[in-house]
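The values are calculated or read from the model by the stated rules, or taken from the named source; none is laboratory data. Owing to the predicted nature of the structure, the values given are computational and were not obtained by experimental measurement. Don't worry about glycine lacking a Cβ; one is built from the backbone with ideal geometry, like all the others, and counts go over all protein chains shown.
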Amino acid sequence: MTVPAPDSPSSRSLLPAPGTDPEWYKRAVFYEVLVRGFADSNADGVGDLRGMIDKLDYLQWLGVDCLWLPPFFASPLRDGGYDVSDYTAVLPEFGDIEDFREFLTEAHARGMRVIIDFVMNHTSDQHPWFQASRSDPDGDYGDFYVWADDDTGYPDARIIFVDTESSNWTFDPVRKQYFWHRFFSHQPDLNFENPRVQEAIIDALRFWLDLGVDGFRLDAVPYLFEEEGTNCENLPRTHEFLKQVRKVVDADYPDRVLLCEANQWPADVVEYFGENGDECQMAFHFPVMPRLFMGVRREQRFPISEIMAQTPAIPDNAQWGIFLRNHDELTLEMVTDEERDYMWAEYAKDPRMKANIGIRRRLAPLLDNDTNTLELFNALLLSLPGSPVLYYGDEIGMGDNIWLGDRDGVRTPMQWTPDRNGGFSTADPQRMYLPLNQDPVYGYQVTNVESQLRNTNSLLQWLRRMIQVRNEHPTFGLGSFEEVGSRNPTVLSFVRKFGDDVVLCVNNLSRFPQPVELDLRQFEGYTPIELTGRVEFPVIGVLPYMLTLAGHGFYWFELSKPAAEATTDEHEDWEIATSSAVADSLLAAGVVSAPEEIQGDSDTREHGDSAGGPR
Ligand code: TEU
Ligand code: CA
């Protein structure tokens, strides 16, 4: 399978010189890819770093700017690598440091950055630190973990992996004490009260920064410190330590990003940016994700509007990371109990689809493999404020396997071709680290990169085109977000503004065609140009702007400024505006609630986008 050469390799070949593009992450499209699941270069049934190198041309062709690699460090792999037994060693199955160095070089040569996962909250119980801590309590590592004589401490801390854990304490028969763990009992939490732990973690971060990684996805950061009488999440000491990490990165490693994973409510997550933007540059926006699925299934924009309205402003140098799916279950930790029941009822009809507080399904099966819905969700991912984070395989609509354990059903091998093992590996099929999907709908025989490369109407080709359109408009990464109201609750509309780069996004969350009247008076005289076809739509007047949308349809309009001189009919328009007929329709469209609200004076014309529309 040959990947077509990227349009203009030269333009993307060189990354800006270090220190010259500190906020690259605000314009970037991220792509999460499991080393274990992408490509097997040595026929042992396990993906590896050399396999990743073989697929960099494909990722460059797709148009992604930064690759996020979940943990590939030494690990017993009991939690997908998030149980690290050596922070500075590559798991031999995946390759070695030289393989990683070459992977980094080859990615950078193609203009793609690389961030790697870093799990600082806990290690594997197989980590030599823990082995030493349990066997020699008074030794150097005796205080590297959180030990106690009983399991009564921190009772207000919730259990995260409710499917497997009944307590956050586990008794260790060697040390005859209990150790603290927020996740699996084989993942003891590090004791960040111990300055030597903090040093060891920063040393490990420096190891990878010295190698040239462009940043880290900081795993499970809300849980670094514990305190009696609290839920042991988002504590001030945790923020202090992350600010320390940021200082180190800013001081010695320019243009590197810290993307934190804090599965928390917006008000708590924004703290991870630091009030002066001195903590993490990026944070995942967990609460918006489930509300996209809720809004579309309820065919109501309110779940999305509300969470956007509840999302506080963030520091100038900060950026949200937005995603639809990732390597974990679709988490429902940040929704209300009724919303969680609704989501389970709608999206997890088979109990095997549930995992912990969430749903272990991939994007395409969650959306019943409906092309329009898949395109709508990806359009929202690429247009809502924040940098989009794609998940490997979702670009071709890969399926899942709910018969596999834990979250493995969404971590199956990438499907490249209809050939043996989907072109992922030439090993015997029974040797795969996880079986490839082989069902009639999502099986690799039908859902694979090769067939979609050769089909210009495939999801893959469509997504690539949309990423290109997004790259032509910096407002998607850098612009403000302003929802545009309308009386039709099934339509979510918003404007992204960045200087003259103004884009109106109109999204039909319902499966049925919908009409909508938008209050675009602040853009009176502007011409909407649809971005995928560059077709001009009627000039915006003072009347509500009428649009009709296909089921799950969406529009991206560039709102281009009117030519300087006002045309005659536009003047007449304005005069008419005051007439009663117009008043009625503005009332009918719910744009104003009383006639006297309709302004008579002339100033709206001049200021264009600063008057009228909702803020
Ligand atoms: O997950 C951390 C975490 O907070 C989880 O609750 C997560 O938000 C939830 O599962 C959402 O999907 C991280 C990793 O993403 C996960 O794979 C690891 O198992 C976990 O840390 C422990 O390291
Ligand atoms: Ca391999």
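Based on this model, can you work out whether Asp400 counts as surrounded by 23 or more Cβ atoms within 10 Å (Cβ to Cβ), at pLDDT 95 or above and closer than 26 Å to Leu531 by Cβ?
Numbers: surrounded by 23 or more Cβ atoms within 10 Å (Cβ to Cβ): yes; at pLDDT 95 or above: yes; closer than 26 Å to Leu531 by Cβ: no.
When the stated conditions are applied, Asp400 does not pass them.
Quick check on region 248-264. Is at least one of its residues surrounded by fewer than 22 Cβ atoms within 10 Å (Cβ to Cβ), over 24 Å from the mean Cα position of the chain (by Cα), free of Cβ contacts under 8 Å to residues at least 24 places away in the same chain and away from ligand 2 (no atom under 16 Å from the Cβ)?
yes
For the list (1) part of a loop (DSSP other than H, G, I, E, B); (2) within 23 Å of Leu380 (Cβ to Cβ), I need the number of the one condition that Gly541 fails.
Every listed condition holds for Gly541 apart from (2).
Going by the structure shown, is Leu15 among the aliphatic types (A, V, I, L, M), modelled with pLDDT of 95 or more and away from ligand 1 (no atom under 16 Å from the Cβ)?
Values: among the aliphatic types (A, V, I, L, M): yes; modelled with pLDDT of 95 or more: no; away from ligand 1 (no atom under 16 Å from the Cβ): yes.
So Leu15 does not fit the description; no.
Scan region 201-226 for residues that are touching a strand residue (DSSP E or B) at 6+ places or on another chain (Cβ under 9 Å) and without any contact (Cβ under 8 Å) to a residue 60 or more places away in the chain and jot them down. Steps first, answer last, please.
Going residue by residue through region 201-226, those that are touching a strand residue (DSSP E or B) at 6+ places or on another chain (Cβ under 9 Å) are 201, 203-205, 207-209, 212-224, 226.
Asp203, Leu209, Pro222 - these are the residues of region 201-226 that are touching a strand residue (DSSP E or B) at 6+ places or on another chain (Cβ under 9 Å) and without any contact (Cβ under 8 Å) to a residue 60 or more places away in the chain.
Under 6 Å between Cβ atoms, at least 6 apart or on separate chains: pull out the pairs that start in region 75-87 with a residue that is within 16 Å of ligand 2 (Cβ to nearest atom) and end on any residue that is hydroxyl-bearing (Ser, Thr, Tyr).
Ser75/Ser85; Ser75/Ser124; Gly81/Ser75
Among the helices (runs of 4 or more DSSP H) lying completely within region 335-390, list those that include at least 1 residues that are surrounded by fewer than 22 Cβ atoms within 10 Å (Cβ to Cβ) and acidic (Asp, Glu). I'd like the intermediate steps shown before the answer.
Values: elements: 337-347, 363-366, 371-383.
Once the helices (runs of 4 or more DSSP H) in region 335-390 are filtered for at least 1 residues that are surrounded by fewer than 22 Cβ atoms within 10 Å (Cβ to Cβ) and acidic (Asp, Glu), what remains is 337-347, 371-383.
Which members of region 191-235 meet the condition of being buried (at least 18 other Cβ atoms within 10 Å of the Cβ) and of a type in the set (Phe, Trp, Tyr)?
Within region 191-235, Phe192, Trp208, Phe216, Tyr223, Phe225 qualify.
State whether the residues of region 49-67 include one that is hydroxyl-bearing (Ser, Thr, Tyr), under 30 Å from Asp252 (Cα atoms) and more than 16 Å from ligand 2 (Cβ to nearest atom).
The first filter runs over region 49-67 and keeps only residues hydroxyl-bearing (Ser, Thr, Tyr), leaving 58.
The next check asks that each one be under 30 Å from Asp252 (Cα atoms); those that pass are none.
No, that holds for no residue.
Within region 412-432, does at least one residue satisfy the condition of being at pLDDT 95 or above, away from ligand 2 (no atom under 16 Å from the Cβ) and touching a Lys or Arg at 6+ places or on another chain (Cβ under 9 Å)? Before the answer, list the steps.
Going residue by residue through region 412-432, those that are at pLDDT 95 or above are 412-432.
If we keep only those that are away from ligand 2 (no atom under 16 Å from the Cβ) as well, we get 415, 417-419.
Add one more test, that the residue is touching a Lys or Arg at 6+ places or on another chain (Cβ under 9 Å), and what stays is none.
So far as region 412-432 goes, no, none of its residues is at pLDDT 95 or above, away from ligand 2 (no atom under 16 Å from the Cβ) and touching a Lys or Arg at 6+ places or on another chain (Cβ under 9 Å).
Show the residue pairs meeting these rules: Cβ distance below 6 Å; 6+ apart or different chains; first residue within region 114-133 and under 16 Å from Val90 (Cα atoms); second residue within 16 Å of ligand 2 (Cβ to nearest atom) and part of a loop (DSSP other than H, G, I, E, B).
Matching pairs, first to second residue: Ser124/Ser75.
Scan region 515-530 residue by residue and report those that are surrounded by fewer than 20 Cβ atoms within 10 Å (Cβ to Cβ) and outside any strand (DSSP E or B).
So in region 515-530, the residues surrounded by fewer than 20 Cβ atoms within 10 Å (Cβ to Cβ) come out as 515, 525, 527, 529-530.
Across region 515-530, the qualifying residue is only Gly525.
In the list Arg110, Arg134, which residue meets the criterion of being under 20 Å from Phe72 (Cβ atoms), among the basic types (Lys, Arg) and crowded, with 16+ Cβ neighbours inside 10 Å?
One residue alone meets the criteria, Arg110.
Just checking, does region 549-560 include any residue being surrounded by fewer than 19 Cβ atoms within 10 Å (Cβ to Cβ) and at pLDDT below 95?
Scanning region 549-560 turns up at least one residue that is surrounded by fewer than 19 Cβ atoms within 10 Å (Cβ to Cβ) and at pLDDT below 95.
Name the residues in region 168-190 that are touching a Lys or Arg at 6+ places or on another chain (Cβ under 8 Å), buried (at least 21 other Cβ atoms within 10 Å of the Cβ) and charged (D, E, K, R), would you?
Within region 168-190, just Asp189 meets the criteria.
Within region 322-354, which residues are of a type in the set (Phe, Trp, Tyr) and touching a residue at least 24 places away in the same chain (Cβ under 8 Å)? Please lay out each step first, then the result.
Pass one, region 322-354, residues of a type in the set (Phe, Trp, Tyr): 323, 342, 344, 347.
Answer for region 322-354, where residues must be of a type in the set (Phe, Trp, Tyr) and touching a residue at least 24 places away in the same chain (Cβ under 8 Å): Phe323, Tyr342, Tyr347.
Being within 26 Å of Val35 (Cα to Cα) and of a type in the set (S, T, N, Q) is the filter here, so list the residues in region 359-407 that pass it.
Once the filter is applied, which keeps residues that are within 26 Å of Val35 (Cα to Cα) and of a type in the set (S, T, N, Q), region 359-407 yields Asn369, Asn378, Ser387, Asn401.
Can you tell me which residue among Leu242, Leu259 is in contact with an Asp or Glu (Cβ under 8 Å, 6 or more places away or on another chain) and either modelled with pLDDT of 95 or more or aliphatic (A, V, I, L, M) (or both)?
On the way: Leu259 fails: in contact with an Asp or Glu (Cβ under 8 Å, 6 or more places away or on another chain).
The unique qualifying residue is Leu242.
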